[in-house]
Amino acid sequence: MLIRRPEDIKSSEITPESMYVDRRQFVGAAGALALGALIAPAALGASPLGAAPTDRGRQDDKITSEEDATSYNNYYEFGTDKEEPKELAKNFKTKPWNIEIAGMVKAPRTMGVDELFRALPVQDKIYRHRCVEAWSMVIPWQGTPLKDIIARCDPLPSAKFVEFTTLFDPRRMPGQQRPALPWPYKEALRMDEAMNPLAILATGMYGKALPNQNGAPVRLVVPWKYGFKGIKGIVKIRFTDQMPKTTWNDIASSEYGFYANVNPAVDHPRWSQAKERRIGQFLKIPTLPFNGYAEQVASMYAGMDLRKNY
Amino acid sequence: MAPAASPATGVSWRDRAAPVVKRGVRPALWALVILPIVSMAVRLVLGQLGANPIEELEHETGRWTLRLLAGSLAVTPLISFTRWGWLIAQRRFLGLATFAYVSLHLSIYIGVDNFFNVSDIVEDVLKHLYITVGMLGFLLLVPLAITSTKGWIKRLGGKRWNQLHRLVYLAATAGCVHFLWAVKKDKTEPILYAAVFVTLFALRFVGRKPGRQST
C-alpha cells in the first residue's frame, strides 16, 4: 500500500503566478539599482543575507516560472548551451519508447514506457532542484516513486545499485554528434537511495507531459542530489552489485562525485557550493545540506565521510 | 588578378582605401563599443536575457572584453600590413574600450552577482582558480589604462612605456585561461578565442622578418 507523504513544500508557501510573473521587472530594476550603487559601494555594507539559514522554512521556495524551467536546460544530448535543448529537441519523437530492464533481475526484458508505469500512482511533487553550477529552481513534477518502478522490475536481492542509461541516437539527439560527453549518458544510485520515497521517475511537470528538453518521456528526479544525477530520456534500467561508472564522475572524478549529494560545505574545485542563485531571484541564497531534505535522506549516509564521498 | 600593389608601384589599393578608412574607422569603432551595451540594456529592460540574466550579462561583457582586446592587438599587425601608421590611435581607443568592458564585467560580478559581499568575493578569488586568473588579468590591465595618456607616454619615455605595455600579452593570456577554465565541458568557444589570440601574437613575429625592418 502506498501512503501518500505530505508535500515537501506546502501549497500555502507557494507564491501565486501573478506575483512571480513580474519578477523580471524586479530583476531589471534591481540590476540597474545595483549598478548605480557601484559608485558608492561602501554605503551598502555587507550582504543582507548574512544570517545563517534554518534547515526548513526558506521563504524563497516559490515555483520557478514554467518558461524558465523549460528554456534553461543542461541536456548535452541537445547542445551544450542552456537555450539549445528547447530548440534542438522540439521535434524529438518519444513515441514509441521502450525501456530495457537488465542485469540482476529475475526476468530481463524490454517493455514500453506505458507498460512500465501502468496502474502505478502518479503523484504531484514540488521539489527544489539544485544544479552543481550553483543555480536552482523549484519545480512541480508529476511522477511515480522510483521504488514502485523497481518493484515492477523485480531485481534480485543481491542487486546493490541501479544504473540508468539515456538514449543514444545521434540522428535524433544532435548533441551526440560531437564528443561533448562520452555517450551514452549514465547515472546510478545505491539501492537504498533508489528506494527512498523522495526519488521519482518523472513523466510530467507543471501539470503537463514532460517537455522534450526536460527529459521526455521519463527522467529521474532525486532532489537531494545535484541536478546531473537526474538522468533524462531513460532507455535502460540495469541492476548490479558493482558501483556503476557514471558519466560526470567518470570524466572528472575530482569535480563530480558518485553520490553528488547537495553539500554547501564541499566546494566544487571551480566554484563555491555555499550559496545558490534561485532562478528568477536577484540575491543568492544559502544552500542547504541535502538541498533541504536532510530529514528524509541524511540517515542513509550515516557514518560516511561526506567530504570524501561527495 | 594582380597581387596587392608592392610599395614600388603607383596608386595601390592602400592609397585608395586610406581616406575612406581614415574617415570611417573611429565612428565604426564607437558603434562597435556602444552597440553591445545598448543591446544588453534593452534586453535587460525587456526581460530577454533568459532565465539567468546576471550570468548572461557576465558572459556577454566577458566575451566583448576579449573581442575588443583582440581588436586592439590586431592594430599593430594591421599597421605593418597596410603601413597606415595613423591607425595607432585606434589601438589606444580599443584598449580603453577593453578596459571599460572588463570594468563592467567585474562590476557586475562584484555588485550584482555577489551584491558586494566582500567575504564571498575574497573567498572566490582565493579558492577558485578561474576567478583568480580573471582578477589577475584585470589587475594587469589597470596600469595600462592609467598610462594610456600622452602625458604618461612622455613621462615614461617610449621605450619604458612599450616595455610596460607588453603586460597586455599576459593580460590576454589570463583572459583566455579565465574563459577556458570557466567553461564546464564544451571548450569549443574558449579554444576559438584562444586561437585568435595565438594568431595575433604570432603575427608580430611574422611582421619582424628581416629586410622589412628598414621602414
Per the filter on region B:64-79, residues touching a residue at least 12 places away in the same chain (Cβ under 8 Å) and crowded, with 17+ Cβ neighbours inside 10 Å are B:Trp64, B:Thr65, B:Leu66, B:Leu68, B:Leu69, B:Ala70, B:Gly71, B:Ser72, B:Leu73, B:Ala74, B:Val75, B:Pro77
Can you find a residue in region A:224-245 that is in contact with a Leu (Cβ under 8 Å, 6 or more places away or on another chain) and more than 22 Å from A:Val113 (Cβ to Cβ)? yes
For A:Lys236, all conditions in the list (1) within 13 Å of another protein chain (Cβ to nearest Cβ); (2) outside any loop (DSSP other than H, G, I, E, B); (3) of a type outside the set (S, T, N, Q) hold save one; what is the number of the exception? (1)
From the list B:Ala18, B:Ala41, B:Ala28, B:Ala97, which one is facing chain A (nearest Cβ under 10 Å) and part of a helix (DSSP H, G or I)? B:Ala41
Taking interchain pairs and intrachain pairs at least six residues apart, which have beta carbon atoms under 9 angstrom, with the first residue in region A:121-132 and free of Cβ contacts under 8 Å to residues at least 24 places away in the same chain and the second buried (at least 18 other Cβ atoms within 10 Å of the Cβ) and of a type in the set (A, V, I, L, M)? none
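Mind telling me which of the residues B:Arg166, B:Arg204 ends up being exposed (fewer than 15 other Cβ atoms within 10 Å of the Cβ), away from chain A (no Cβ under 13 Å) and either closer than 21 Å to B:Leu57 by Cβ or in contact with a Pro (Cβ under 8 Å, 6 or more places away or on another chain) (or both)?
Working: B:Arg166 fails: either closer than 21 Å to B:Leu57 by Cβ or in contact with a Pro (Cβ under 8 Å, 6 or more places away or on another chain) (or both).
Being exposed (fewer than 15 other Cβ atoms within 10 Å of the Cβ), away from chain A (no Cβ under 13 Å) and either closer than 21 Å to B:Leu57 by Cβ or in contact with a Pro (Cβ under 8 Å, 6 or more places away or on another chain) (or both) holds for just one of B:Arg166, B:Arg204, which is B:Arg204.
Check A:Leu146, A:Leu88 and return the single one that is under 21 Å from the mean Cα position of the chain (by Cα), buried (at least 20 other Cβ atoms within 10 Å of the Cβ) and aliphatic (A, V, I, L, M).
Values: A:Leu88 fails: buried (at least 20 other Cβ atoms within 10 Å of the Cβ).
So the residue among A:Leu146, A:Leu88 that is under 21 Å from the mean Cα position of the chain (by Cα), buried (at least 20 other Cβ atoms within 10 Å of the Cβ) and aliphatic (A, V, I, L, M) is A:Leu146.
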Of all residues in region A:239-256 being assigned to a loop (DSSP other than H, G, I, E, B) and farther than 30 Å from A:Phe92 by Cα, which is nearest to the other protein chains (Cβ to nearest Cβ)? A:Glu255
What's the total number of residues in region A:257-310 that are at the interface with another protein chain (Cβ under 10 Å from one of its Cβ atoms) and closer than 15 Å to A:Lys225 by Cβ? 1
Somewhere in region B:99-107, is a residue within 14 Å of the chain's Cα centre (by Cα) and surrounded by fewer than 19 Cβ atoms within 10 Å (Cβ to Cβ)? yes
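Can B:Ile131 be described as touching a helix residue (DSSP H, G or I) at 6+ places or on another chain (Cβ under 6 Å), assigned to a helix (DSSP H, G or I) and within 14 Å of chain A (Cβ to nearest Cβ)? Talk me through it step by step, then tell me what you get.
On the way: touching a helix residue (DSSP H, G or I) at 6+ places or on another chain (Cβ under 6 Å): yes; assigned to a helix (DSSP H, G or I): yes; within 14 Å of chain A (Cβ to nearest Cβ): yes.
Judged against the criteria, B:Ile131 is a match.
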Taking region A:72-129, which residues are under 16 Å from A:Thr165 (Cα atoms) and part of a strand (DSSP E or B)? A:Asn98, A:Ile99, A:Glu100, A:Ile101, A:Ala102, A:Gly103, A:Arg109, A:Thr110, A:Met111, A:Gly112
How many of the residues in region A:77-100 are charged (D, E, K, R) and away from chain B (no Cβ under 14 Å)? 4
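Among the residues of region B:110-124, how many are assigned to a helix (DSSP H, G or I) and either touching a Lys or Arg at 6+ places or on another chain (Cβ under 7 Å) or within 11 Å of chain A (Cβ to nearest Cβ) (or both)?
At the first step, the residues of region B:110-124 found to be assigned to a helix (DSSP H, G or I) are B:110-113, B:118-124.
Narrowing the set further to residues that are either touching a Lys or Arg at 6+ places or on another chain (Cβ under 7 Å) or within 11 Å of chain A (Cβ to nearest Cβ) (or both) leaves B:110-113, B:118-121, B:123-124.
Qualifying residue count for the region: 10.
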Specify the residue that is farthest from the other protein chains (Cβ to nearest Cβ); the eligible residues are those in region A:56-67 that are at pLDDT 95 or above and surrounded by 17 or more Cβ atoms within 10 Å (Cβ to Cβ). A:Ile63
Output for Cβ contacts, cut-off 9 Å, separation at least six or different chains, first residue charged (D, E, K, R) in region A:284-305, second outside any loop (DSSP other than H, G, I, E, B), reads A:Lys284/A:Lys275; A:Lys284/A:Glu276; A:Lys284/A:Arg277; A:Lys284/A:Arg278; A:Lys284/B:Asp113; A:Lys284/B:Asp120
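Among the residues in region A:163-184, are any over 25 Å from A:Lys90 (Cα atoms) and either aromatic (Phe, Trp, Tyr) or at pLDDT 95 or above (or both)?
Yes, region A:163-184 has at least one match.
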Of all residues in region A:157-191, which are assigned to a loop (DSSP other than H, G, I, E, B) and under 15 Å from the mean Cα position of the chain (by Cα)? A:Tyr185
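Taking the stated definitions as given, is A:Ala194 touching a residue at least 24 places away in the same chain (Cβ under 8 Å), assigned to a helix (DSSP H, G or I) and crowded, with 21+ Cβ neighbours inside 10 Å? Give the derivation first.
Numbers: touching a residue at least 24 places away in the same chain (Cβ under 8 Å): yes; assigned to a helix (DSSP H, G or I): yes; crowded, with 21+ Cβ neighbours inside 10 Å: yes.
So A:Ala194 passes the test.
The values are calculated or read from the model by the stated rules, or taken from the named source; none is laboratory data. If you're wondering where the values come from, they're calculated on a predicted model, not measured in any experiment. Virtual Cβ from ideal backbone geometry, glycine too; neighbours counted across all protein chains shown.
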